[in-house]
Amino acid sequence: MRILIAEDEKKIAEFIRRGLKEEGYAADLAHTGPDALNLAAENPYDLLLLDVMLPGLDGIAVCERLRGEGFTAPIMMLTAKDRVEDKVKGLDSGANDYLTKPFAFEELLARVRALLRAKPADPSTRLAAGPIELDLAAHKAILSGKTLELSAKEFALLEYLLRNSGRTVTRTMIAEHVWDINFDTGTNVIDVYINYLRRKLEKGGTRYIHTVRGKGYMLKA
């Protein structure tokens, strides 16, 4: 899952980005309203964390413009303003949730999970294909009833493959959803992580991740 963090306070933005990265999310940063609009127009984000007090264009205006342009991903407003009328204004602009500062990162993370689950294509906290299961709430991977030890990036890659089970996903699609804007497309990192997953999933000899020659990969169980 790829998240855009639009926050002008760089220390806060980096703190959130680092915490999300540790949980397996890919995250990009924008520090102004126009930057947030540009990144959201150029990249397929699954969620936007949007500070209200952005320079150049405030978060309310950014949210209204994005919704007007057809941006459908969930938007969570982040702000120090905690008056009821401020929350109503944020939600009426098109936001799905509203979190006031200061906040505990655990609460932010729980709200992120809830918003991602609430997307029409993602109604459950569990994903499965054959004997492979992911418990998104517990951040646990299971194969034939046994827990798999996966790194955060391996978990994120398996989640994306499971969400697209039975469909071919290209390396570009994987890079856009599992890695961030700084990903070097000239490397073989995606293939390396595919091989890591294969070793952990396919010890018994069953092939789950198939190479679609000239296109990408497909998880099929």
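For the range 152-161, does any single residue satisfy the condition of being modelled with pLDDT under 90, within 23 Å of Leu116 (Cβ to Cβ) and among the aromatic types (Phe, Trp, Tyr)? There is no residue in the range 152-161 that is modelled with pLDDT under 90, within 23 Å of Leu116 (Cβ to Cβ) and among the aromatic types (Phe, Trp, Tyr). Residue count for the range 158-172, restricted to those that are among the small types (Gly, Ala, Ser) and more than 10 Å from Ala128 (Cα to Cα): 1.
Looking only at residues in the range 191-221 that are of a type in the set (D, E, K, R) and outside any helix (DSSP H, G or I), the one that is farthest from Trp179 (Cα to Cα) is Lys203. Screening Val189, Val212 for residues that are among the hydrophobic types (A, V, I, L, M, F, W, C), surrounded by fewer than 19 Cβ atoms within 10 Å (Cβ to Cβ) and touching a residue at least 24 places away in the same chain (Cβ under 8 Å) leaves exactly one candidate, Val212. When the range 170-180 is filtered for residues that are in contact (Cβ under 8 Å) with a residue 40 or more places away in the chain and surrounded by 16 or more Cβ atoms within 10 Å (Cβ to Cβ), the ones remaining, listed by number, are Arg171, Met173, Ile174, Glu176, His177, Val178, Trp179, Asp180. Checking the stated criteria, Glu149 turns out not to satisfy the condition of being in contact with a strand residue (DSSP E or B) (Cβ under 9 Å, 6 or more places away or on another chain), among the acidic types (Asp, Glu) and over 30 Å from Gly205 (Cβ atoms). Restricted to the range 128-169, and to residues there that are charged (D, E, K, R) and farther than 20 Å from Thr211 by Cβ, the residue that is surrounded by the most Cβ atoms within 10 Å (Cβ to Cβ) is Glu133.
The values are calculated or read from the model by the stated rules, or taken from the named source; none is laboratory data. For clarity, every value in this text was computed on a predicted model and none was experimentally measured. Neighbour counts run over all protein chains shown; Cβ positions are idealised from the backbone, glycine included.
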